[in-house]
Structures are given as structure tokens and as C-alpha cells.
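The values are calculated or read from the model by the stated rules, or taken from the named source; none is laboratory data. These figures come from a predicted structure and were not determined experimentally. Using ideal geometry, Cβ is built from the backbone for each residue, glycine included, and neighbour counts are taken over all protein chains shown. Areas reflect the complete protein model, heavy atoms only, side chains present, ligands, DNA and RNA absent. Shrake-Rupley method; radii C 1.70, N 1.55, O 1.52, S 1.80 Å.
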Amino acid sequence: MSMNLVTLLYLIASICFIHALKGLSHPTTAVRGNYFGMAGMAIAMVTTAALIIEHGDGKGLWWVVLGLLIGGSYGTWRARTVEMTQMPELIAFFHSMIGLAAVCIAAATVGEPAALGIAAEGSHVIPPGNRIELSLGAFIGAVTFTGSVIAWGKLSGTYKFRLFQGRPVVYPGQHWINLAMGIATVVLIWAFWATQSHFAFFLICMLGFVIGVTLIIAIGGADMPVVISMLNSYSGWAAAGIGFSLENSMLIIAGSLVGSSGAILSYIMCKAMNRPFLSVILGGFGGETAAAEGDEEQRPVKQGSADDVAFMLSNADSVIIVPGYGLAVARAQHAVKEMVDKLIDKGIQVRYAIHPVAGRMPGHMNVLLAEAEVPYDQVFEMDDINSEFGETDVAIVLGANDVVNPAALEKGSSIYGMPILEAYKARSVIVNKRTMATGYAGLDNELFYMDKTMMVFGDAKKVIEAVGKAID
């Protein structure tokens, strides 16, 4: 196989990845985007396998095939069995594996540079430029691995281990310690560049593993969607760094695409949550103040039943549904779809309002509604739907909290400036929650106490199913 053909195949795979990203930018083209991504990855894997056969004795190919079988089988099984509430944890797990793979490849290259073609046969001398690329790729990969493990634990919410809990872990001098480790890493990268010391490389990896933990433990559960997208970016840059060392254009292009798109998504998420972008990179945002504000005495609220909800909806001309993470937990998306179909049959206009950070990962609510086959023309992003709340008869908030909290409009609030879905402007508001517990930000929600608001407590699926029966 000529290098011209290899380059051409890698270019085709790269074009597929670009179209995959473009397709994933909108729900209507997401399936097509996934097909492009799978095609690109298949081309890249087959091309790489052909290179292994041509430039080696073929024995190493069996290890590649074994890895593909194990990884492909596990990925297929998880994709078929994962629940919607577990999708964020699964994504964090995948990011961690990409980071660990980057560390392992870098370590193997440092140990046997000739075997990977970056040193002369029988030589262990790595070119100075490659030393920097390898150390950066290994460091970013190590940060991605442990950071993603912590994010996985925080997103799961089922472990008592303190580092896996949603509340930020803070301690005196935290940022100074992180800064000191960052400076030490820079010094070690210089040392590895100057001496090719394996011990320096080992310390770079160890510091990366530690920094990945110390950065993410300081971030609260409310900010996990931003963390997920940023770790996605890190995994891409780690792959690109290794690609430069191995002179593999496919790794460079794919890693750069993932890294840049993840960074852009992180910026968009930060803007949606009113978070400084630099704080995401450095860690330690999301806060302690918000957690303290939620410890207020509960006030009385207006409560209703499923029958009350059915009556209000049946007599409305327009309804906007605001889905949140509670809807995913209850697996109520199909019940909501059935209820909405009944309302539409009655001539009632029904739309869904999506906040960009609702749920625990970017696009969580879009995926949730797509699973229930909700028509895309009924789903609206925040900027497109906010102006419609004031003319809407009923807004139904299902398992959402912070993304509809009017506290974001009040100076001094920990979420001040965060764009929200303006459900409070609707003529009537129905809020379904299990309890009056605060959201991730730890803030009381004034929307729940408004005269126009009716609280309906209980599991979202059971409540919506009861509403659907009452509508009949």
C-alpha cells in the first residue's frame, strides 16, 4: 500500500469525521452524522490494519484485532443496554479510556521509540520535538483519565466516596497547590526534552493523574455538563499530541476536530451557565455559596393533583413543556409523548422548551425526546422559545429546577446572569417534582412559590400517565 493511498484514505476518513460533527449539530441530522462517524472510523481502522500487515510480520495485528473485538463488543453491549440516566456517566467513561490510551501509547513510544518509527533501528534516542509532543500528550491524557473518573463518580451520584459526591471538595490553598503542580509539570517537560529521562516522563504522567483529580473535585454537580464537554476537548488534544509524535495524520486531524469542537461547545455551555471559560480550564468553579443558600426554611406552596393538571391542559390553547433531569430519572419521555398526542388531537398547541444545560450532559434533553420519537418541529431551543412564554396559557416544568429559576435575574445570586427558560412568564405554571429539594445550584426557586404556580409532587412517569388517563 503506497503512502499516497494511505494519505488519501485518511483524508476520506477525516472528511467523514467533519460531516459527522456537522450532522451532530442538529437533532434532525444526528443519525446521519453518526453514520458518517462510523464510516470514517471504519476506514481509519482498516487502513491502519493494512499498514501493520505491510510493515510488520502480521503478529502484532492479532493484538489489534483482539482489542477491536473486546472494545467493539463492550461498546455495542453498553450502547444497547445503557439507560438514558446513565448516558453522562458512559460518556465520561469513554473519555477516560481515550485519555488512558494516550498515556499508554506515549509510554510505549518512550520505551521503544524505534518500534514506532520515531528513532533509528536499535536506537532509543527520541528527537527533541517528539519528546515535547509525547510529554504533552501523556500529561493531557492523564488529566483526562482521572478527571473523567471523578466526573463519572459525580454524575453517577450513587457512591458515598467523598470525591464522587456532587458537592465541591475544597481545601485551603487549593489553587496554589494546583499552580505549583502545573509549574512542576512545565519544569519536568523541559527536563524530559533536555535529557530524555524516563523518570521525568514518569513524573509528568503522575502529576497529570493527580491534577486531573484536584481540578475536577473542586467542581460542583451543577457544572458537570461543562466539565463533560471540556474533558471531551482534552481527550482530543491528547490524541492529537500523540499523532504528531507518531506522524499519523489521522490521529492529528481526528484529535484536533474533537479538541476544537469540545472547546467550542464548552464555551457555549459556559455562556449558557454564565461561567467564566477560563475557570472551566483551571477548575474550582461552581460553588460553595450556592450550596449554603439552599438551607432556608420551606414555605407553603399551592399543590394540585393529576386531575387538576388534566383540567388545566384540556382548557388551554397553548402549552409549553420544560423537561429536566427528573424526567430522565423517571423515564417518563414516552408517557409525555402520549399525553402530548392527546392534547394535539384536541387542537391544543404543544411545544417543548430545551435549555442547553438541562440534564447532566450537553443535549441530554434532545436525546431524551428523540428516544420517544418526539417530532423535531415541536422542540425549540431556549433562544427561540423564550419570547413565547408570555403568550402561553400553561407551562409545565417536569423535573427541571435551576434552568427555570428566576433567581438568575437577581443581583447577588450565585447564578445571576445565567440565561433561563422564562417559564415564570406563562399565565399558569405547573411544576412536577418528587420533593421541594433544591437543584444542583442549591438555591430555592421562587417560581415554585408564585400564585400562578401549582406544584404536583410525585414520580414524573406516574403523574404524567395519570394526567393522560384523566384527559381521556
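The set of residues in region 419-448 being open to solvent by less than 20 Å² (accessible area, probe 1.4 Å) and at pLDDT 80 or above consists of Ile420, Leu421, Ala423, Ala426, Val429, Ile430, Val431, Asn432, Asn445, Leu447, Phe448.
Scanning region 353-387 for residues that are in contact with a strand residue (DSSP E or B) (Cβ under 7 Å, 6 or more places away or on another chain) and among the acidic types (Asp, Glu) returns a single hit, Glu381. State whether the residues of region 156-164 include one that is touching a helix residue (DSSP H, G or I) at 6+ places or on another chain (Cβ under 6 Å), buried (at least 22 other Cβ atoms within 10 Å of the Cβ), of a type outside the set (Gly, Ala, Ser) and touching a residue at least 24 places away in the same chain (Cβ under 8 Å). No, region 156-164 contains no residue that is touching a helix residue (DSSP H, G or I) at 6+ places or on another chain (Cβ under 6 Å), buried (at least 22 other Cβ atoms within 10 Å of the Cβ), of a type outside the set (Gly, Ala, Ser) and touching a residue at least 24 places away in the same chain (Cβ under 8 Å).
Considering region 384-418, and only residues there that are without any contact (Cβ under 8 Å) to a residue 24 or more places away in the chain and in a helix (DSSP H, G or I), the residue that is surrounded by the fewest Cβ atoms within 10 Å (Cβ to Cβ) turns out to be Ser387. Restricting attention to region 424-472, report how many residues are part of a helix (DSSP H, G or I), of a type outside the set (A, V, I, L, M, F, W, C), without any contact (Cβ under 8 Å) to a residue 60 or more places away in the chain and closer than 14 Å to Asn401 by Cα. The qualifying residues number 2. Out of Ala138, Ala218, one residue alone is open to solvent by less than 30 Å² (accessible area, probe 1.4 Å), under 18 Å from Ala101 (Cα atoms) and in contact (Cβ under 8 Å) with a residue 60 or more places away in the chain. It is Ala138. For Gly212, the requirement of being touching a Gly at 6+ places or on another chain (Cβ under 7 Å) and either open to solvent by less than 10 Å² (accessible area, probe 1.4 Å) or among the aromatic types (Phe, Trp, Tyr) (or both) is met.
Close Cβ contacts (under 7 Å, 6 or more residues apart or on different chains) running from residues in region 298-310 that are over 19 Å from Ile348 (Cβ atoms) and touching a residue at least 40 places away in the same chain (Cβ under 8 Å) to residues that are assigned to a helix (DSSP H, G or I) and open to solvent by less than 100 Å² (accessible area, probe 1.4 Å) comprise Arg299/Tyr449; Val301/Phe448; Val301/Tyr449. Total residues in region 1-14 satisfying the condition of being open to solvent by less than 80 Å² (accessible area, probe 1.4 Å) and under 13 Å from Gly40 (Cα atoms): the figure is 5. For Phe94, the conditions (1) more than 30 Å from Tyr325 (Cβ to Cβ); (2) under 18 Å from the mean Cα position of the chain (by Cα) are fulfilled apart from (1). Do we find that Val186 is at pLDDT 90 or above and hydrophobic (A, V, I, L, M, F, W, C) in this structure? It is true that Val186 is at pLDDT 90 or above and hydrophobic (A, V, I, L, M, F, W, C).
For region 330-351, the tally of residues that are part of a helix (DSSP H, G or I) and either free of Cβ contacts under 8 Å to residues at least 60 places away in the same chain or open to solvent by less than 60 Å² (accessible area, probe 1.4 Å) (or both) stands at 12.
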